[in-house]
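Take a look at the structure below.
The values are calculated or read from the model by the stated rules, or taken from the named source; none is laboratory data. Everything quoted here is computed from the prediction, not taken from an experiment. Positions of Cβ are generated from backbone atoms using ideal geometry, with glycine treated the same way; all protein chains shown enter the neighbour counts.
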Amino acid sequence: MSATTSVPEKAAAKPPRSRGDRLFSGAAKVAGLTILAALAGVFVFLTIEGVPGLSQPTSTYAPNHDFLSYVGPLIYGTILAAVLALILAVPFALGIALFISHYAPRRLAVPVAYVIDLLAAVPSVVFGLWGARSLATYLVPLHAWLYAHLSWLPFFAGPPSVTGRTIFTAGIVLAIMILPIITAISREVFAQTPRLDQEAALALGATRWEMIRMSVFPYARSGMVSAIMLGLGRALGETIAVALLLPQVPEVSVKILQNGGATVSGFIANRAGGDSFTVSALMACGLVLFLITLATNMIASVVVSKSRSGVGVEL
């Protein structure tokens, strides 16, 4: 009886792994733990340096009176600029990704993909200087047109800026910066859609768009959500471009065509040379931004996991 039971036990035993498998597994674990350690180190540093900034003298938060009123407008400006960037970038990014993966001939798709990927290599300071020196001035007529025709909407109420250095312009610059990230990930996910699923949809009489809607989008849903959330994280944490473009005047306003606006990272970059009280308050702002970014990534992970299980949001 023992001889018969020993055979299944031996069959169920895991086969020994080769030395290469063990080395690769160990390297992957070390890499993952290193990232977690670095993340924990950043959190500990921001906590140690930033907690004293929560209760500094009132003069430190001038013209505000406490930390919440000090960081509130900065968080608002950060989220507003990032959301504007997503609204502008996502349709273009998904459209370009579909064009490269399903519409363009290969001789055109390859150079277009290369140019889009090349945008990711442009330094942030270049985008910031271009936005502040060129794009802002170029968009002044657009600001005036939006105010003249759409001022009945709170977002486009005036008076419009005469310099163009507004949250609206910052959103456009951030949209261009996150465009290659969302495009690259979406393109790869679209290209991995099973060929048989696409051919089956076409064989049943579906048009190319219907095939994409019924076969490509459901398969790529989790990848699209991941790409969008990664772009959101990039927009939330951008520093140099918004620091050069916006005047970093903290305010809470839905009027995106007026001068003003500030983000947490840009405000920190412009005020980092102050006294110790100011630096501790800025560190506390950085800690708040870190927690917001962490919460955004955690929410994105939940959404992606639900999308993979078929419970996610419908497109």
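Values as computed for the structure displayed
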| item | result |
| --- | --- |
| Qualifying residue in region 271-283 (condition: under 30 Å from Val140 (Cα atoms), over 19 Å from the mean Cα position of the chain (by Cα) and in a helix (DSSP H, G or I)) | yes |
| Number of the exception - Leu135 against (1) farther than 19 Å from Phe267 by Cβ; (2) modelled with pLDDT under 90 | (2) |
| Region 19-55 - residue that is under 23 Å from the mean Cα position of the chain (by Cα) and β-branched (Val, Ile, Thr) and, of those, nearest to Leu282 (Cα to Cα) | Val42 |
| Yes/no for Leu129 being modelled with pLDDT of 90 or more and closer than 29 Å to Met283 by Cα | yes |
| Residue satisfying all of: in region 105-164; touching a Gly at 6+ places or on another chain (Cβ under 8 Å) and among the polar types (S, T, N, Q); farthest from Arg234 (Cα to Cα) among these | Ser151 |
| Which listed residue is in a helix (DSSP H, G or I) and buried (at least 22 other Cβ atoms within 10 Å of the Cβ), from Leu257, Leu232, Leu291 | Leu232 |
| Residue in region 172-206 that is nearest to Ala132 (Cα to Cα), counting only those that are outside any helix (DSSP H, G or I) and more than 28 Å from the chain's Cα centre (by Cα) | Ala206 |
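For (1) within 30 Å of Thr193 (Cα to Cα); (2) within 20 Å of the chain's Cα centre (by Cα); (3) surrounded by 15 or more Cβ atoms within 10 Å (Cβ to Cβ), each residue gets a yes or a no:
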{"residue": "Pro63", "(1), (2), (3)": "no, no, no"}
{"residue": "Tyr70", "(1), (2), (3)": "no, no, yes"}
{"residue": "Gly77", "(1), (2), (3)": "no, yes, yes"}
{"residue": "Ala82", "(1), (2), (3)": "yes, yes, yes"}
{"residue": "Ile87", "(1), (2), (3)": "yes, yes, no"}
{"residue": "Pro91", "(1), (2), (3)": "yes, yes, no"}
{"residue": "Ala97", "(1), (2), (3)": "yes, yes, yes"}
{"residue": "Arg107", "(1), (2), (3)": "yes, no, no"}
{"residue": "Tyr114", "(1), (2), (3)": "yes, no, no"}
